[in-house]
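What follows is a set of notes on a single structure, which appears directly below.
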Amino acid sequence: MHAARPDHHDAARRRLLRGMAAAVAAIGLAGLATPALAEGPWQRLDAARSVLGDAEPATQGLVLDLPHVSEDGASVALTVGFDGELADDDYITRIDLFATANPSPEIATFHLTPLSGKPEISTRVRLNETQQVIAIATSHQGERFATAREVRITVSGCLMRNGSDQPEPLSNPRVSVPSRFTAGQPEAVRTLINHPMETGLREGADGEAVPRHIIERFTVSLNGATAFEAELHQSISASPYLLFYLSPEEDGEALFEWQDDTGASATHEASIKAG
């Protein structure tokens with residue numbers, strides 16, 4: 001008897017079906033993986049989506065530095081900066097910060113100009129509980145960048161008592177400016193001012209809610225031109241601290257101004273030497 005010959009057409013057909021099945025499976029797995037890779041916490045937070053609009057942010061270039069664990073949620077050190085690539089004539093004009101589990105998610109919005117020189121800011125923030133902190137950067141030409149970090153909080157920062165002996169709000173503004181700038185080179189500037197930054201969430205000794213009382217705006221101008229501006233919210237720690245950069249092109253005067261939600265303000269002037 002002769003052995004049955006394999007049907008080459010059937011074998012080819014089986015190979016084709018196996019290849020098609022593998023391709024379908026690969027497509028299905030890719031479809032499942034894509035949303036997890038593309039989705040970030042900024043897409044699930046209304047306040048962040050209002051900044052992004054319809055834009056899909058790049059997830060490389062924006063750096064957010066916070067401790068992984070903080071024992072004091074009332075004062076968590078935070079630094080945000082951009083080290084990505086932009087077109088030669090583009091620069092970062094805005095950085096927004098959000099806390100996903102705070103009663104009010106907005107932390108701060110920083111507005112930068114060419115006089116800022118370097119898109120990097122450090123501050124201290126209040127975090128209510130373990131959560132993610134989100135940063136979104138916007139460039140002059142409309143490019144968007146986003147990143148997020150999770151921070152574990154041991155003691156809530158939004159309900160912390162500030163103590164009974166508090167200094168006068170907007171008193172003793174402290175500004176550290178370099179003695180001399182190199183023209184066109186960014187240098188770090190540090191500011192600190194007394195203020196309770198009351199969230200409106202904690203109870204006073206009488207059991208009543210302590211009214212909200214925060215610094216809402218901080219502005220720096222060089223020779224009358226705005227160089228740096230910050231919109232602050234309840235999630236900024238008491239006695240707001242800010243480290244940012246300035247890059248003056250010429251000698252002149254710098255004016256630093258803080259304004260709180262009562263309309264009160266404080267100013268500090270400093271001479272700038274550049275060259």
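Here are a few things to note about the model shown:
- Over segment 118-259, volume per residue of the alpha carbon convex hull, in Å³: 138
- Rolling a 1.4 Å probe over the protein heavy atoms leaves residue 215 with an accessible area of roughly 0 Å².
- Environment charge of residue 274, counting only residues whose C-beta is closer than 10 Å and scoring Lys/Arg +1, Asp/Glu -1: -2
- Annotation: Cα Rg of segment 69-129 relative to the compact-globule expectation 2.2 N^0.38 Å equals 1.32.
- Using the 1.4 Å probe convention, the accessible area of segment 155-275 works out to 48 Å² per residue with neighbouring protein chains retained.
- Accessible surface, 1.4 Å probe, highest first, among residues 54, 89: 54, 89
- A cut-off under 13 angstrom between Cβ atoms defines the neighbours of residue 67, and their net charge, with Lys, Arg +1 and Asp, Glu -1, is -1.
- Tail beyond 28 Å, pair distance distribution of segment 50-189 (Cα, percent): 28
- Carbon + sulfur, % of accessible area of segment 147-250 - ligands and nucleic acids excluded, 1.4 Å: 44
- Neighbourhood charge, 13 Å Cβ-Cβ cut-off, centred on residue 153 and excluding it, Lys, Arg +1 and Asp, Glu -1: -1
The values are calculated or read from the model by the stated rules, or taken from the named source; none is laboratory data. Owing to the predicted nature of the structure, the values given are computational and were not obtained by experimental measurement. FYI the Cβ positions are ideal-geometry reconstructions off the backbone, even for glycines, and counts take in every protein chain you see. Keep in mind that these areas ignore ligands, DNA and RNA; they rest on the heavy atoms of the full protein, side chains included. Shrake-Rupley method; radii C 1.70, N 1.55, O 1.52, S 1.80 Å.
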